[in-house]
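Worksheet for the structure shown next.
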Amino acid sequence: MSSVFEPAVVLKLLKSREPKNKQDEFVTSWNNEVEKRMQKWITRRNQSKQSVVEAQLCWESHIVAYVKYVAKIMLIKKTSLAQPSLPLDVPLLGPRFTPPTYLHLTKRSFIADIQPEAMLLKPLNVIHPFYYPEIADCCPRCNSKTITWDGWTTYGSCAVHGIDSEESALGYQLRCQSCAEGKQNMESCFATTSPIFWEKMQGYEIPRGIPHFFQRCALTRPLYDMILELCLSGTSGGLAENIEQLHIAEYFCKHQDYLRYYQLRPATPMKPLPLLNFPDPKNDCISSDIITQVLLQHYDQTGKDESAQYLQTIMGRVLSLDHTFRAASKASIASSSHERSRPISGGTLSIINEKNQILSWRFCLTQSVEEISEALTQLKIQYRKLGEEDPDEIIVDNCCTVRPKISKVFPNTHVGQDVHHVIQRYTGGVLNGTKNPHAGAIASEVSHALLKTHAADSANGVTEYRTKDEQGKLLEEMYQKWAEKGCWNASAAGIHQEQMKHVARGCLTRTRQDICSDGSCIEGSHKGWNSLQRSFASGLPVMNALCTEFVLRRNIRMGLKNTPEDLFLKSTFGSHRIRLVASIASLTNKLIPSHPILNRDAHHLPELPVISSSESFGLVRSENALTFEGLFKMEEDEDDAMLFASGTELNSSNVSVKADNNESLEVVSTSHSRTLASNGKRKASEISASPVEFPETSPTKRACTAATVASALATVKKKPDHSFFASFSSSSTSAKAAPVAAESSKPSPSTTSSTSPTSASSTLAQPLPLPSGNTTSRQSRSEYLFSRSTGVNPEALHIKTTAEFHLFMDMCAEGQWVSYSMTPRKWAVATIAYNERLQQKDPSAIRKLPRALLGKLGDIEKTISECIAVKNFKSKRGSTTFWTRHCEAVSLVQVKGIDSTRKPQTCGRCQTIMYPFVTGHAQNHKRGYCSDGVKQVHRAIPFPQPVGIFVKGV
């Protein structure tokens, strides 16, 4: 609730309540208190180099005096059992106070003092127990009742970002005795404007009117809601620009109001008023980094669980699954060295039901069909918990390839072929492609041969399929008809034969003709996936959050359209804030039985069912990617094993940013330290690729003199900026670090008598031993999110350092590694040998997955081919020894029948040289399939073709 606060008017009203002989004393006390508080704020803010606007601070000090006055009236006396009420002669203002406008000034005075600063005062949000009694009873962190409210914040108000103008917020401090006496090292005093006060509340649980507070800033509720609503339709930078334009427009409106009221003010020689220059606007709008942080924190607190909770309640009888790669390609990882990589090579796998609702989705690390089997296995567990039978049908675009994996999970489910891809394959065999005037007619006849009635033409809106005999007959007639007209290219015959095999197996028929089972809806859903951050760069945390939000909103929209019997979904009225709706329903149903007779006319509201399913979505752990299809086992670090064993979930908000004196950014786990000191300007966006540090241990507090600490730090600074030493800046303690501290502080037998400060200083100044394992690696925010969510260290997917590269090249030459002779089993053996030798050279090095070696070999073979083609073997240093040796180590092409200077043909999927030997050789790349069995699609070469080069159009 907003109220215009006029200090003179409020003071006069409150003064009238006092006896006449004490009214002057009341005014004097009021003004003295306001002046004293304002001067205290100015002193504190000058010391911390914060902005000081005396008019703003004076107005806010009057508001504090008013709030203290009304809060004192409402204070419950110990001898009274009734809750006091505010008298009618006391105005109830707040909790959002807005400054008086020119309208108020002109109505209060005929010749008002029109000044520009009157329009530059910012509204003030007061977060006080008087306005929000629900926060006055217990500590928000430990729920203890032993609390005391201990005055206002010492620095005054803090800045709050708004939609069209900036605001401010003033908090009240709370002290918790239980937190102060607790064994855990946590703060016991915090203000209502601190994010710690609200960290255990989700967004919808915060009382209405209170801004949302973050580590770096605060946002008004309307701005917070607008960011969440518009996050899918734009970028953080674009939204920040729109908000800035709204601020500038508001500034000019205020400037116009000043000139208008100055013009309306009567000109009088008794009180002349000059026209003043209007101050320039301040560039204090919300930044794109903060908008990104708001989105990620909403995903961690509410969005992730909200979307998963609703997904676990959706079932289907006919499922469709497919991959899309464009959206997943934007989920890149930014390393601490500002290098970007795209580890999600398998795209985004989504599964929808016959009502076009998404049941499950995940980012696939590889293109192996095993990841489809993993997703379906989790889906089967969900079916069992809901008491549902296996789905009747699953529609895919490569039925015969994935059927064995699907049948292993759902043995009684029919696997069908998507009609959309059949039409696309036939049109791919049309001469000149879409430029052929008969391409549309051919696609229409293919559809007619497979479908008896389209959904748009049927009475119930469901597509009706023909039997496989009818489909085979009509497809053959269609092909022969257009073959006589010369509309097919050379590849059309093979395409037709392949599709006729699908028809003979019954892949294009349907067992359910009463519900939608065409599978084309999932192709339409790809437009929604690919529209996220279209034509804009993005990172893994942001794309993961956006995809989660997209799935929830799409399911709500499609559910309202196709599932009218879902009462809870109907009660949302299309809102995707389902946790807010569920909390309202739960509270309503809880209050009705409290007074059954009085509340007999109140209706119970439908609640969202809670399914205790272990199914996970988005960025998930894949055993297939970790084990290389069961052939390779990566040894996990102890910390990683404990993390996944305990079921600890990773939150993007568990990673905070702090800036050191050199303006470099480090990210530390806030499970060790929630409050971080900051110097200088900070950035919270994942895109900044800030170095991340997650120390395993933190040292215990040591008692030493200032000189000892200075001497130790001077010695440590000479060492490299190692992440282990950086962990000493944290104030938290850890049990694992205690032995290290004890060992360093315990005197040895030979130096027991030496207790001088010099000896103590030299002892502390000695270089500390590095922790074992891979805890010294510095990771960016996206790298940490990826490694903790998937169990795969991003550095295990690439060979980057010089030592790793030279070891790889040496082993390539020793083992005669060449892509056309390497099988998955050989890759697993080679990776184990590589990791053993890498650990011998550097025990702290990251062990690699076979995918890293496979990709690196493909890159090296391309480089070697280019060196041979141009006959240039010089390295960056000008030496030819290195590349000459490795170009001659392994023959990448067959010696007979192929020009050695020509670049060999490489498979774009598995990075293997396809045809190094003569035609028909057993070690050549299989035509149409890679070594792991995944189908490789060849594109037809358009006619006319040169004679003697291409065979059957490819």
Whenever you get a sec, compute what percent of the accessible area on the stretch 131-258 sits on carbon and sulfur atoms (1.4 Å probe).
50
Please work out how much length the chain gains when fully extended from residue 255 to residue 926, using 0.36 nm per residue of separation minus the C-alpha to C-alpha distance, in nm with one decimal.
234.2 nm
Report D for the stretch 152-307 in µm² per second (integer): Stokes-Einstein, Kirkwood Rh on Cα pairs, 20 °C, 1.002 mPa s.
116
For the stretch 186-225, give the magnitude of the charge dipole about the Cα centre (Cβ charges: +1 Lys/Arg, -1 Asp/Glu; no others), in debye to the nearest 20.
100
Once R0 is set to 35 Å, what does the formula 1/(1 + (r/R0)^6) return for the Cβ-Cβ distance between residue 590 and residue 181, expressed as a FRET efficiency to the nearest 0.05?
0.55
Length added when fully stretched, residue 342-residue 520, from 0.36 nm per residue minus Cα-Cα
61.2 nm
Using a 1.4 angstrom probe and counting only protein chains, how large is the accessible area of residue 13 in Å², to 10?
80
Heavy atoms of residue 414: accessible area, 1.4 Å probe, square angstrom to 10:
50
Projected label distance in nm at residue 565 and residue 205, using a 7 Å step from Cα toward the beta-carbon
3.5
If I model a spin label at residue 623 and residue 16 as a point 7 Å from the Cα along the Cα→Cβ vector, what separation in nanometres do I get?
7.9
Can you divide the C-alpha Rg of the stretch 240-313 by 2.2 N^0.38 Å and report the result to two decimal places?
2.03
Under a 1.4 Å probe, counting only protein heavy atoms, residue 810 has an accessible area in Å², nearest 10, of 40
Computed magnitude of the charge dipole of the stretch 371-411 (debye, nearest 20; Cβ of K, R +1, Cβ of D, E -1):
200
Taking protein heavy atoms only, a 1.4 Å probe, and rounding to whole percent, the accessible area of the stretch 475-586 owed to carbon and sulfur comes out at 57
Report the relative contact order of the stretch 366-461, percent, no decimals, based on alpha-carbon pairs under 8 angstrom and at least 6 residues apart.
21
Over the Cα atoms of the stretch 795-897, how large are the radius of gyration and the largest Cα-Cα distance (Dmax), in Å?
14.0, 47
Per residue value of the accessible surface for the stretch 305-390 (all protein chains in place, 1.4 Å probe), Å²:
31
What is the local net charge at residue 837, summed over the other residues whose Cβ is closer than 12 Å to its Cβ (Lys, Arg +1; Asp, Glu -1)?
-2
Can you tell me the FRET efficiency between residue 500 and residue 457 if r is taken as the Cβ-Cβ distance and R0 is 25 Å, rounded to the nearest 0.05?
0.40
Using a 7 Å offset from the Cα along the Cα-to-Cβ direction at both residue 531 and residue 54, what is the distance between the two label points in nm, to one decimal?
5.5
With a 1.4 Å probe and all protein chains kept in place, how do 907, 400 rank by accessible area, largest first?
400, 907
Full extension from residue 277 to residue 573: what is 0.36 nm times the residue separation minus their Cα-Cα distance, to one decimal in nm?
101.5 nm
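The values are calculated or read from the model by the stated rules, or taken from the named source; none is laboratory data. Given the structure is predicted, the values throughout are model-derived calculations rather than measurements. Quick reminder, even Gly has a Cβ in these numbers, built from the backbone with ideal geometry, and neighbours come from all protein chains shown. We work out accessible area using only protein heavy atoms, side chains counted, and drop any ligands, DNA or RNA first. Shrake-Rupley method; radii C 1.70, N 1.55, O 1.52, S 1.80 Å.
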